[in-house]
1. Among what's in the stretch 279-301 and is of a type in the set (Gly, Ala, Ser) and outside any loop (DSSP other than H, G, I, E, B), pick the residue that is nearest to His267 (Cα to Cα).
2. Take the residues of the stretch 116-162 that are farther than 23 Å from Leu285 by Cα and among the hydroxyl-bearing types (Ser, Thr, Tyr): which is modelled with the lowest pLDDT?
3. For the stretch 45-57, what are the residues that are in contact with a Leu (Cβ under 9 Å, 6 or more places away or on another chain) and either in a strand (DSSP E or B) or crowded, with 20+ Cβ neighbours inside 10 Å (or both)?
4. Go over the candidates Glu133, Glu94, Glu60 one by one and state the one that is touching a residue at least 40 places away in the same chain (Cβ under 8 Å) and part of a helix (DSSP H, G or I).
5. Would you mind telling me which numbered condition in (1) modelled with pLDDT of 85 or more; (2) part of a helix (DSSP H, G or I); (3) within 26 Å of Arg264 (Cβ to Cβ) Leu110 fails?
6. Could we say that Ile271 is farther than 15 Å from Thr175 by Cβ, in contact (Cβ under 8 Å) with a residue 12 or more places away in the chain, assigned by TED's automatic domain parsing to the domain that holds Gly163 and assigned to a strand (DSSP E or B) here?
7. Please name all residue pairs, on different chains or six or more residues apart, with Cβ atoms under 7 Å, provided the first residue is in the stretch 303-316 and is over 15 Å from Arg161 (Cβ atoms) and touching a residue at least 24 places away in the same chain (Cβ under 8 Å) and the second residue is part of a helix (DSSP H, G or I) and not basic (Lys, Arg).
8. Restricting the stretch 63-89 to residues that are part of a strand (DSSP E or B) and under 24 Å from Ser385 (Cβ atoms), which is farthest from the chain's Cα centre (by Cα)?
Amino acid sequence: MNAILPVNSLTRAEAGDPPRLQGVMAYVQDSESEAVLRRLAAHLALPGFEVHRGTIATAERDLKTKRSPAVLFVDVTGVDRVLDAVQSLSDVCEPQLQLVVIGQSNDVGLFRGLLGLGVADYLFKPLTSELLESVVWRLTNGNRRGGEGRLGKLVAVTGARGGAGASSIAANLATYLAEKASRRVALVDLDVRTGALALMLGAMPNSGLAEALELPGRIDDLFLERATISIGPRLDLLASEMPAFTSRTMTIEAGEALLGRLQRSYHYVIIDVPMPLLDICRPWLASASVQLLATEGSLLSARDAVQRLDAAAAANQRHILIHNKAGRPGDLSAADIATACNRPADCEIPFLPRAFGTAINMGRPAWQDDQRTESAVALVARELSGQPVSAARTSSWGAALRRLVGLSA
């Protein structure tokens, strides 16, 4: 056999790498493979080397409720749609995880398909200790066969105008994705003066984010560990609150370094971008996979939303338009907003001042206590995942409204 793998090889991380996952887990279906893996675990004497009897579905069920290991072996023997099963498993695993698939036969076509999904390696039975040890050695020392691995989705949440409710949407969406969709989420509040998202989630802000956005050289594993605020098993928050009249300089390089690191560690990185910072944050907005644009049912908000949507169309960037506080007395109807924006809103969040007000005061997301809010946030999450839910609506006096807003062709 090769030399015994050093005990610290699963936890060592180079400067500039995201925090390294720990441990090895294996799910196999036959006693022979289980025995080989257990012998390897005893030989390497690594902490966190777990061997289980089970299928890829068993692994998916277990990893919905706990952190991913550094390396995961799964047995797909007897699985009809292997690629679909692997994709489903990857949806609950953290992006850094390195997946090794074990099969029954030497199938080159399957091997290529798995590599296309980012799988680190494909092994076929019977397994040997020498082969398994070489795979563990290679993967735990950072030598991926599948390239750089997956990156999490960067989602920017902004308002068409101040007060449109972007921060509330960001807080509710992040907690929903973490708790209901079992995704690992980083929520970043770029308003480092107020730390509003920390207040909404019942947490205490710190100075970590403000320092990270000013000094890119400080962004390392230890710094991020101290700067992040744990909201739950799958949700971390970065939020700062600065004293009045305190000056901080935000650099583009620092933001790119921070967001890039977070994307390598989380399924979703959600940034809440306040209106005063739109210009300075423009490079980060441009690199986002999708932008969520919140608008109210006012004429001014509809006008500003159109301008932002036109800019997004020119940049060929995907936007999800959210009609927030829908149904508020005196506001434009959903059909009128659709006419003004030349498109219907993708999602609507109803006007529920009591539910949202109580939630903020209690420091918890509104969807946890209000079924109507949960249904609305679930639709936003579904739209974000690429499953459209919007239905087109029209207005009987659309042309007049567009002339009033000043947006007629």
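1. Ser287
2. Among residues in the stretch 116-162 that are farther than 23 Å from Leu285 by Cα and among the hydroxyl-bearing types (Ser, Thr, Tyr), the one modelled with the lowest pLDDT is Thr140.
3. Selection gives Leu46, Phe49, Val51, Ile56.
4. On the way: Glu94 fails: part of a helix (DSSP H, G or I); Glu60 fails: touching a residue at least 40 places away in the same chain (Cβ under 8 Å).
Being touching a residue at least 40 places away in the same chain (Cβ under 8 Å) and part of a helix (DSSP H, G or I) holds for just one of Glu133, Glu94, Glu60, which is Glu133.
5. (3)
6. On the way: farther than 15 Å from Thr175 by Cβ: yes; in contact (Cβ under 8 Å) with a residue 12 or more places away in the chain: yes; assigned by TED's automatic domain parsing to the domain that holds Gly163: yes; assigned to a strand (DSSP E or B): yes.
Considered against the rule, which asks whether it is farther than 15 Å from Thr175 by Cβ, in contact (Cβ under 8 Å) with a residue 12 or more places away in the chain, assigned by TED's automatic domain parsing to the domain that holds Gly163 and assigned to a strand (DSSP E or B), Ile271 comes out as yes.
7. Ala315/Ala286
8. Step one: filter the stretch 63-89 for residues part of a strand (DSSP E or B), giving 71-75.
Within this subset, residues satisfying the condition of being under 24 Å from Ser385 (Cβ atoms) are 72, 74.
Details: Leu72: 21, Val74: 24 Å.
Step by step, filter the stretch 63-89, then rank; the result is Val74.
The values are calculated or read from the model by the stated rules, or taken from the named source; none is laboratory data. Note that the structure is predicted; figures quoted are calculated from it, not measured. In this analysis, Cβ positions are derived from the backbone assuming ideal geometry, glycine residues included, and neighbour counts consider all displayed protein chains.
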